[in-house]
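Every number in this text was worked out from the coordinates using simple rules, so none of it is lab data. Everything quoted here is computed from the prediction, not taken from an experiment. Neighbour counts are summed over all protein chains in view; Cβ atoms, including those assigned to glycine, are modelled from backbone coordinates with ideal geometry.
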Amino acid sequence: MRLLLHSNTGELSLTKEFLGDDIIPPYAILSHTWKDGEEVTFKDLIDGTGQDKAGYKKIWFCGQQAERDGLQYFWVDTCCIDKSNYGELREALNSMFRWYRDAVKCYVYLSDVSTAKRKASDEVSEFAWEPAFRASRWFTRGWTLQELLAPSSVEFFSQEWNRLGGKRLLTKQIIKITGIPELALQGAPLSRFSINERLSWIENRRTKLEEDKAYSLLGILDVYIPPLYGEGMARAFKRVMDEMDKRDKCIQDLHLTDPRDDKKRIEETKGGLLEDSYHWILENSDFQQWRKGPQSRLLWIKGDPGKGKTMLLCGIIDELSITKTAQLAYFFCQATDSRINSATAVLRGLLYLLVNQQPSLLSHIRKKHDHAGKALFEDANAWVALSDIFTDILQDPSLNSTFFVIDALDECVAGLLKLLDFIAQKSCVSSRVKWIVSSRNWPDIEERLERVGHKVRLCLELNAESVSTAVSIFIQRKVLQLADKKKYDDKTRDAVLNHLSMHANNTFLWVALVCQNLEKIPRWNTLVKLNAFPPGLDSLYERMMEQICKSDNADLCKRILASVAIVYQPITLQELTSFIEMLEGMADDLESLREIIGLCGSFLTIRGDTIYFVHQSAKDFLFTKTSHEIFPSGTEEAHHHIFSRSLQVMSRTLRRDMYSLHQLGYPAEQVRQPDPDPLAASRYSCICWIDHLCDWNPSSSAENEVNLQDGGAVNNFLRQQYLYWLEALSLCKSMSKGVVLMAKLEALVKSRPNASTLHELVRDACRFIMSHKWAIENYPLQAYASALLFSPTQSLIRGLFKREEPKWITIKPAMDDKWSACLQTLEGHSSSVNSVAFSHDSARLASGSDDNTVKIWDASSGACLSTLKGP
């Protein structure tokens, strides 16, 4: 971008071209309609000519108006772009919306609207120029649509350069002329309006070149394509729509969770956000130093479990959202939820919110996603790719001022140290970015964040008075709710209030758990039971555990707690019934299951139909303080129980064509989960049964080792259910995980005694899934067609499931007797492959092809991780 400079002597000159990290000074921008041969061009300014052209006068007036508005620089499209340079023209067309958006003032020059005369009657409110304004050619042109929408300040001028009014003042007239909603004119994000609605805004507008009707929408639709004049309007619009599909697919693949939904869920779970309980931090000197100090880039809020860090950050997020001085991206880590407990999940969540607010930044993600697809966010290199993308965005000069907020770093189970190092290194990269993080008082976190130069530390324990006041407000709110619900008299209400106030020890979670328990106690017995709630989280957890052990349902509750604690990701109520014998047959009785979860002493909570720990500290307590109660035979035996029950539920529920797709070629992308879902109770088991088998460590139990012998449970499952399991993995979108699971199973059984037959079967099953992964992943029922027909004639799996082959195929392909030396076929190149190389650890494979691409593959699963394109 280059600007015009209006000098003190009245001369016009072009600035240097602003590139990369160059700081662009404040500027005004002109919007106008062109007339051939009358406009001053870039070449005219370079040559010092063009003063005699009719268009020179409006450029002159634009410069004068900018000067009156205190702006030294201004921009005019006709003469600030070198249209003879295709590269510059391409960049300009794709940047135009942003240039108009970033302008301090936009002046609209209406050459066909005059203010020379007014209507004589003072009683008529309409000015004489208004009919001409409504009929102005400016409202009919394609490019002027973005010039109306993008700038925050738009002022209209007549042909005499008299001001007619601003966009806000003339909103009603503009709505009548254009049909554009008032919200869009007021600057609401255009993403709030559907694609069809935005396309409708240009229907009655015209452009000189037919392709420009599509190109003029690039900024409005948040897409980027190179202009190809001569391609025709239909093809130009098709390229725009194709680009939008790619953009939407990228955002869809990036989405793991919407942190906005997580925030709402967390607030609802914790009983709502109380403004009075967090407002103190907004006035805190440490917070003010971070917010106002230009050098203070990172605020670390730390405190013990249950001190209200999460709700504090919810309040800060609300406050930063209200000010609207910057973009805001946030993420809530939760150790008990595998979707949101890893370093890669944090970056995905932050990026998801960021590109929703500044869509142009999506280009950094698209550079890699267009080649790698969803694997970019999910494979073993996801952290490397995402951290590189995030770094590029932080260094992008177009990045708007942004706040990043990450809650509960201590609950980042996978990749915490990488995440901490990343925050420490990148928190000072951009002056436009500030960070807030929260965590427990962990030495590892302290050590990593200590490296940040410009940080502010806010310790809740050192702000005990403020936290105490906030907890008191929280107690009053909870007691009022409790008294209203339980119909307490004044004496009972005051007794509860006093007990909570005396023993809370500035801990929100303790108050919430006690109130949750009081809800279950009859009103007449409240005073007697009240003193049984001890102060301190661990003491309260111990009491909750004692109550469970004394109850009539102690065994059931312990089994439930053990199952929820040992699984690798949160399970649903229906999945829980698969693991607890006493709950068999209750998968459809969700109401009773919720009641049973309520018996577990407030350790657990339910969101939707999924079971979570009420807090990470509750799960920590079970593993560290009461492991002997929950896992009387050890955690390894708990893994064996989950494994064994998983085989049982899969054997009962898995069958051919569980979703009634019927057609062998039914694409996986079109599959919709039926209601009721046949996989509801076995989904977790399908994905994790081998993981639990491996963590069980069979060598520790000779009695159960028969599971891994010839004729044992695993052998029988593979012989009877293997193809149905592959279909289920496809329906669960977990075929890549299935490849890895079978590799783990083969490694586990190959050295087992009395398992030679099982080892052969597992090895054959491994070859089967590796050879046919792509087909089954994309077309679930191909497990019974191409996968069987194109396997060796002596394949054990093919022989065991010969009954499933399509009966209508009479001429079958000629196949070898045994599996070839080829373990797996990696499909993706469109031409011959001329070079391959393994990584030093043999985990990755690179292949180079005559199609001018290099592909990186996961050697275990066969997934294509990324594609690098050459010229």
So which lysines pass the test for K802, namely a Cα distance under 22 Å, with those fewer than 8 places away in the same chain ruled out?
-> K773, K812, K818
What percent of all Cα-Cα pairs in the chain falls in each 10 Å bin, counting up from 0?
-> 2, 10, 16, 19, 18, 15, 11, 6, 2, 0, 0
Estimate the FRET efficiency between E67 and K869 by the formula 1/(1 + (r/R0)^6), using the beta-carbon distance for r and 35 Å for R0, to the nearest 0.05.
-> 0.10
Can you give the relative contact order of the chain as a percent, counting alpha carbon pairs under 8 Å and 6+ residues apart?
-> 7
Over region 212-369, what is the relative contact order in whole percent, taking alpha-carbon pairs under 8 Å and six or more residues apart?
-> 25
Helix axis angle, 309-323 relative to the chain longest principal axis, alpha carbon, degrees | 20
Taking Cα pairs closer than 8 Å and at least 6 residues apart, the relative contact order of region 4-188 in percent is 21
Note down the net charge around C549, summing +1 for each Lys or Arg and -1 for each Asp or Glu among other residues with Cβ under 15 Å from its Cβ.
-> 0
So if we plug the beta-carbon distance of E746 and D841 into 1/(1 + (r/R0)^6) with R0 = 22 Å, what FRET efficiency do we get, rounded to 0.05?
-> 0.70
How far apart, in nm, are two points set 7 Å out from the Cα along the Cα-to-Cβ line at Q425 and at D817?
-> 5.6
What is the packing order of peptides 347-360, 421-434, taking the mean over residues of other C-beta atoms within 10 Å and listing the highest first?
-> 347-360, 421-434
Hey, which aspartates and glutamates would be in cross-link range of K302, C-alpha to C-alpha under 18 Å, not counting anything within fewer than 8 residues on its own chain?
-> E283, D286, D407, D410, E411, D421, D444, E446, E447, E450, E461, E465
Measure nothing fancy, just the Cα-based angle from helix 382-394's long axis to the longest principal axis of the chain, in degrees from 0 to 90, nearest 10.
-> 20
Going highest first, how would you order 474-480, 201-207, 765-771 by mean Cβ packing within 10 Å?
-> 765-771, 474-480, 201-207
Quick one: net charge around Q574, please, counting Lys, Arg +1 and Asp, Glu -1 for every other residue with C-beta under 14 Å from its C-beta.
-> -4
Measuring from centroid to centroid over Cα atoms, what is the spacing of region 305-376 and region 847-871 in Å?
-> 29
Could you list, in their original order, any pairs among K485/K558; K529/K550; K263/K418; K83/K208; K249/K367 whose Cα atoms are separated by more than 18 Å?
-> K485/K558; K263/K418
Using the per-residue mean of other Cβ atoms lying within 10 Å as a proxy for protection, in what order, highest first, do the peptides 801-812, 740-751 fall?
-> 740-751, 801-812
Helix-derived [θ] at 222 nm for the chain: sum -39500 (n - 2.57) over DSSP H runs of at least 4, divide by residue count, nearest 500?
-> -14000 deg cm²/dmol
Contour minus end-to-end for L228 and N553, with contour as 0.36 nm per residue of separation and end-to-end as the Cα-Cα distance?
-> 109.7 nm
Straight-distance crosslink candidates among aspartates and glutamates, where the alpha carbon sits under 17 Å from K105 and sequence neighbours closer than 8 are dropped | E67, D69, D77, E147, E155
Once you have the Cα-Cα distance between T391 and D538, take 0.36 nm times their residue separation minus that, and quote the gain in nm to one decimal.
-> 48.8 nm
With a 26 Å threshold on alpha-carbon distance, the violating pairs from K368/K426; K292/K426; K374/K750; K374/K434; K270/K737 are K374/K750; K374/K434; K270/K737
Contour minus Cα-Cα distance for W442 and R260 (0.36 nm per residue) = 62.8 nm
Quick one: angle between helix 508-518 and the longest Cα principal axis of the chain, in degrees between 0 and 90, rounded to 10, please.
-> 50
So for R0 = 25 Å, FRET eff. of A380-D677 from the Cβ-Cβ r, to 0.05, ends up at 0.25
Shape box of region 636-823 [Cα atoms, principal axes, largest first, Å] = 49, 43, 24
Using a simple spin-label model with points 7 Å from Cα along the Cα→Cβ vector, what separation in nm is obtained for I46 and A188?
-> 4.5
Quick calc: nm separation of the 7 Å Cα→Cβ label points for R134 and E283 -> 5.5
